[in-house]
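*Asks:* Structure in structure tokens, see below.
The values are calculated or read from the model by the stated rules, or taken from the named source; none is laboratory data. What you see is a predicted model; the values in this text were computed from it and never measured.
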Amino acid sequence: MFRYLLTWVSAKLRIEGGQDLIEYALLGGMIALAIIGVTAAFLTGALTSMVNGIGACVDFNQGTACNPV
């Protein structure tokens, strides 16, 4: 029984079927990071303007205009 179990475990360790899944997951993660990086690089001014506008709305100061866009 022990020999059968040892043979089964060693056979399972040699299978490389899950390797493709890991490679595709890493590739997908790298593509997502590249898209986020490019978007952040080109939209930095627009994002800063939007955050400042939202901050003025949340400020509750009656003297500031609320322009989130």
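*Asks:* Return the total of residues in the range 38-66 being at pLDDT 75 or above and part of a loop (DSSP other than H, G, I, E, B).
*Replies:* In the first step, residues of the range 38-66 are kept if they are at pLDDT 75 or above; the result is 38-58.
With part of a loop (DSSP other than H, G, I, E, B) added as a condition, the list becomes 43.
The total comes to 1.
*Asks:* Out of (1) of a type outside the set (D, E); (2) in a helix (DSSP H, G or I); (3) at pLDDT below 80, what's the single condition that is false for V69?
*Replies:* (2)
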